[in-house]
């Protein structure tokens with residue numbers, strides 16, 4: 001879930017096929033995933049800082065808009081569903 005597939009459907013398809021070949025049981029575990037996906041999951045300090053800044057911007061926008069997610073999303077220039085997804089992903093309990 002943490003791996004980004006920025007428009008690369010072939011990479012995703014290949015990873016899924018690899019997983020089905022490697023997984024002989026009914027449960028897919030991390031060791032069944034291609035190493036290229038596993039290796040990418042070390043979050044860099046730069047990415048961590050970006051996520052912290054994004055979370056701070058979202059929280060401040062929500063405060064300015066009295067918790068109104070629709071208004072905050074408009075202010076941030078994103079769709080309301082994008083804001084909901086980001087809140088869930090950033091573990092922002094507001």
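The values are calculated or read from the model by the stated rules, or taken from the named source; none is laboratory data. Because the structure is predicted, anything quoted here is derived from the model rather than measured. Cβ: placed from backbone, ideal geometry, glycine included. Neighbour counts: every protein chain shown.
Before moving on, here are some points about what is shown:
- Complete set of residues in region 56-94 that are modelled with pLDDT of 85 or more, surrounded by 15 or more Cβ atoms within 10 Å (Cβ to Cβ), assigned to a helix (DSSP H, G or I) and in contact with a helix residue (DSSP H, G or I) (Cβ under 6 Å, 6 or more places away or on another chain): 61, 62, 69, 72, 73, 75, 76, 83
- If only residues of region 33-55 that are within 27 Å of residue 19 (Cβ to Cβ) and buried (at least 16 other Cβ atoms within 10 Å of the Cβ) are counted, the one that is modelled with the lowest pLDDT is 37.
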